[in-house]
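Presented below is the structure to which this report refers.
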Amino acid sequence: MFRSGMDLFYNAKTVRLRCHHDKYLLADEDEESVTQDRNGSSKNARWTVEFLQDSQVIIRLKSCYNKYLTASNQPFLLGVTGRKVIQSLPRRLDSSVEWEPIKEGSQVKLKTRYGNFLRANGGVPPWRNSITHDIPHRTATQDWILWYVDTLEIQSSDSSVSSPPKSDGRTIYYHVAEDNGDVDDETSEGYSLNFKGNGVEELTRKLVEDTGLEGIIVCTRNPLNGNLYPLRLQLPPNNATMHVVLVLASSTCEF
């Protein structure tokens, strides 16, 4: 029976993960690779913890580049079982960015939805300092999936494990539309950010910064007919939570 390791992340806002080799999980500067290094003071070793609204046992981890720790399907090397762990920002948040902490003494294992574990590899290059997700079959590598969790920042005292910290401003939930204006799984919450302004232009700049997408039009759905229409000038009052859709200016979507 697995024991949940959520208590090691309880109230955590940002964490570091230290592996058996006494190295830290790092987001590489190429904003895609994930590696391990002894420099735990680097900003690249900081991971923001996101708790899911509909689960008490799953977390997401976001790098300093605003991308998620992702269990990809890409083989690390041809002919071996381990698969690459990368940073990504998928259009739709799916199970590849979800990790289940499982307690092992004072350490934790991070399990994917498909039963693999986040693994810090040792040995000679190209294995040295690499990160994969795998199931260790050899006794000598069992410890490679164990991690110490160092909490660097905690949530505000009025937040709970299942909800993000409260702060000034409003929560903006957003999806990115396909070129034809369609949105995958719009019933899910999608991505989110906290926004303290009131103007559409300011929100657009914030979303460009958050997504890295240029030339976006911030839209919302008409509650009467469900059609998308661009937001104009001011946002609704009282910092009300908003759900918006980002449409690329180059898309074929018609308003």
Under 7 Å between Cβ atoms, at least 6 apart or on separate chains: pull out the pairs that start in segment 57-77 with a residue that is more than 14 Å from E32 (Cα to Cα) and end on any residue that is of a type in the set (A, V, I, L, M) and surrounded by fewer than 18 Cβ atoms within 10 Å (Cβ to Cβ). I58/L52
Segment 218-250, residues that are outside any strand (DSSP E or B), polar (S, T, N, Q) and closer than 19 Å to D182 by Cα: N222, N225, N227, S250
Given V208, V176, which one is modelled with pLDDT of 85 or more and either closer than 16 Å to V49 by Cα or surrounded by fewer than 16 Cβ atoms within 10 Å (Cβ to Cβ) (or both)? V208
Qualifying position, being out of contact with any Lys or Arg (no Cβ under 6 Å at 6 or more places or on another chain), at pLDDT 90 or above and either among the aliphatic types (A, V, I, L, M) or under 18 Å from D7 (Cα atoms) (or both), among V80, V97, V124, V85: V85
Checking R232 against (1) touching a residue at least 24 places away in the same chain (Cβ under 8 Å); (2) within 21 Å of C253 (Cβ to Cβ); (3) surrounded by 11 or more Cβ atoms within 10 Å (Cβ to Cβ), the condition it does not meet: (3)
Got a sec? Which of T14, T48, T70 is in contact with a helix residue (DSSP H, G or I) (Cβ under 6 Å, 6 or more places away or on another chain) and of a type in the set (S, T, N, Q)? T70
Would you be able to tell me the number of residues in segment 1-34 that are exposed (fewer than 14 other Cβ atoms within 10 Å of the Cβ) and among the hydrophobic types (A, V, I, L, M, F, W, C)? 2
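The values are calculated or read from the model by the stated rules, or taken from the named source; none is laboratory data. Keep in mind the model is a prediction, meaning the values are calculated, not measured. Note: ideal-geometry Cβ built from the backbone for every residue, glycine included; neighbour counts use all protein chains shown.
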